[in-house]
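Enquirer: Following this message is one structure expressed as structure tokens.
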Amino acid sequence: MNDRMPETLPFISHETRSEWLLQRVAILRQHPNFSEAAADYADDAVGIFEGRYMANKVMANVARQVICMSILALHFTRDNGHHGATISSIQNITSSLKLCSKNTTSATIDLLENIGLVSRVLDETDHRNHLIQPTDKLISGMRRIVGVAIAAADKLFPSRHYQQLIDDTDGFLERYFASSLHSLLNVSTMISNLHSSQLFAISDGGGVLLCKLMTMKEQQPADRENIVSFPYDEIGNLFGVSRTHIRRLMKRAEAEGLVRLLEDGGRQIEILPTLNDVFENMVAAHIARAQFDIHLANGDYDLLPIDRNA
């Protein structure tokens, strides 16, 4: 069985795709309704993860998110030469992206199997291998998660009807997951190029904790909109991370000039404009990836960065 890294699209090189996604982030942030869409994104993300320990555990960091999406992508790109996801094919992706070790990838797959998100099925074409197949539970959960970025994209570009495509019954969701493999291969590039986003992107629970901070900011009165109460113990219980982990994350954020810690334990934190920049970069990156994957799944090649010499 072929467990090499999946080839990129023959008509869109990795470099061209990376450049398009980064340019798309900049374009999205200039949209007049982007701040409102980003606030909705934060609300929706918090709504999915708040109080759901297992969801936070499964999607704790970029590596686990990529593993889940890789399983779906490889499963829905099955053909005569490729029969689905295997441990080694997923390890090839996470190793190539320098997200985690092969042992960590294997342990994450064990976790997903133990909680009923994937199953191992004997590969009928090669009995030495087992295929890692997503269960309906993983498919529906990931549909909700990617739906956060899709809803934000719909708010910015209502005439595209992105959510309507996802809800279609002609197999579009499966094509979307299959197409997501290509933009997944650009995750590391996007994180490294969006310099200010690295702290929250690579920390366990960083993305949703950032969203929670921004939702709390939005709820503050105008004269105190940048001062929030973010008690580490309470927030940790909501998102399945330790008080110590959040304290270290916020101290690093303060060292990077993203926040000011005004009282111990997170009781008062001042959110600085640089943190808003981090947040908007993160949201724009998720929307850009969702748009790329949807246009690819829908065959909207006029909206994609086709290489001229392809």
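Enquirer: Sticking to Cα atoms, compute the Rg of the range 237-288 to one decimal and its Dmax as the biggest Cα-Cα distance, whole number, in Å.
Expert: Looking at the range 237-288, its Cα Rg and Dmax stand at 12.4, 37 Å.
Enquirer: What relative contact order, as a whole-number percentage, does the chain give when Cα pairs under 8 Å and 6 or more residues apart are counted? Before the final figure, lay out the partial values.
Expert: Working: 424 pairs, mean separation 83.5, N = 310.
Relative contact order of the chain: 27 percent.
Enquirer: Using amide H atoms built 1.01 Å from N in the peptide plane, name the residues 5+ places from Q268, or on other chains, whose amide H lies under 5 Å from its own.
Expert: The answer is F230, L262, E263.
Enquirer: Divide by every residue of the chain the summed helix terms, -39500 (n - 2.57) for each DSSP H run of at least 4, and state the resulting mean residue ellipticity at 222 nm, rounded to the nearest 500 deg cm²/dmol.
Expert: Helix-only estimate at 222 nm: -19000 deg cm²/dmol.
Enquirer: Just to be sure I understand the curve: with the Debye formula and one point per C-alpha of the chain, what is log10 I(q)/I(0) at q = 0.10, 0.12, 0.13 Å⁻¹?
Expert: Debye output, listed in q order: -0.56, -0.81, -0.95.
Enquirer: How much net charge surrounds R248 when only other residues with a Cβ under 15 Å from its Cβ are counted (Lys, Arg +1; Asp, Glu -1)?
Expert: -1
Enquirer: Within the chain, what whole-number % of the accessible surface is contributed by carbon and sulfur, with the 1.4 Å probe and all protein chains included in the calculation?
Expert: 47
Enquirer: I've got another one for you. Within 10 Å, count the other beta carbons around each residue, average over each peptide in 164-174, 289-299, and list them highest first.
Expert: By packing density, highest mean first, the sequence is 289-299, 164-174.
Enquirer: How many Å² of accessible area per residue for the chain, probe 1.4 Å?
Expert: Heavy-atom SASA per residue in the chain reads 46 Å².
Enquirer: First select every other residue whose beta carbon is under 13 angstrom from the beta carbon of V283; then total the charges, Lys and Arg +1, Asp and Glu -1. Don't skip to the answer; put the middle values down first.
Expert: On the way: positive: R24, R29, K155, R289; negative: E36, D40, D43, D44, D277, E280.
Net local charge, V283 excluded: -2.
Enquirer: Step through the residues of the range 90-96 one at a time and calculate ³J(HN,Hα) from phi using the Karplus curve (6.51 cos²θ - 1.76 cosθ + 1.60, θ = phi - 60°), rounding each to whole Hz and writing x for Gly and Pro.
Expert: Result, rounded to whole Hz: 6, 4, 4, 5, 5, 5, 4.
Enquirer: Where does helix 243-255 land angle-wise versus the long Cα axis of the chain, in degrees 0 to 90, nearest 10?
Expert: Approximately 80 degrees, to the nearest ten.
Enquirer: Between V118 and residues 5 or more places away or on another chain, which pairs have amide H atoms under 5 Å apart, with H built 1.01 Å from N, and which residues are they?
Expert: Excluding prolines and chain starts, which carry no amide H, the hits are E113, T135.
Enquirer: Using θ = phi - 60° and the Karplus curve 6.51 cos²θ - 1.76 cosθ + 1.60, what whole-Hz ³J(HN,Hα) does each residue of the range 40-53 get, with Gly and Pro shown as x?
Expert: Calculated HN-Hα couplings, in order: 5, 4, 4, 4, 5, 5, 4, x, 6, 9, 5, x, 10, 4 Hz.
Enquirer: While we're on this one: Could you pull out which residues in the range 281-310 have an amide N less than 12 Å from a spot 7 Å beyond the Cα of D170, following the Cα-Cβ vector?
Expert: 298-299
Enquirer: Let me ask something else. Using DSSP to define loop residues, name the trypsin sites (Lys or Arg not before Pro) in the range 87-145 whose beta-carbon has at most 15 other beta-carbon atoms within 10 Å.
Expert: Those satisfying the criteria are K98, R128.
Enquirer: To continue, here is another question. Using a Cα distance threshold of under 26 Å, what count of lysine pairs results for the chain when pairs must be 8 or more residues apart or interchain?
Expert: Summing the qualifying lysine pairs gives 13.
The values are calculated or read from the model by the stated rules, or taken from the named source; none is laboratory data. This is a predicted model, so every value here is computed, not measured. All Cβ positions, even for glycine, are placed from backbone atoms using ideal geometry, and neighbour counts span all protein chains on display. With ligands, DNA and RNA removed, areas are computed over all heavy atoms of the protein, side chains included. Shrake-Rupley method; radii C 1.70, N 1.55, O 1.52, S 1.80 Å.
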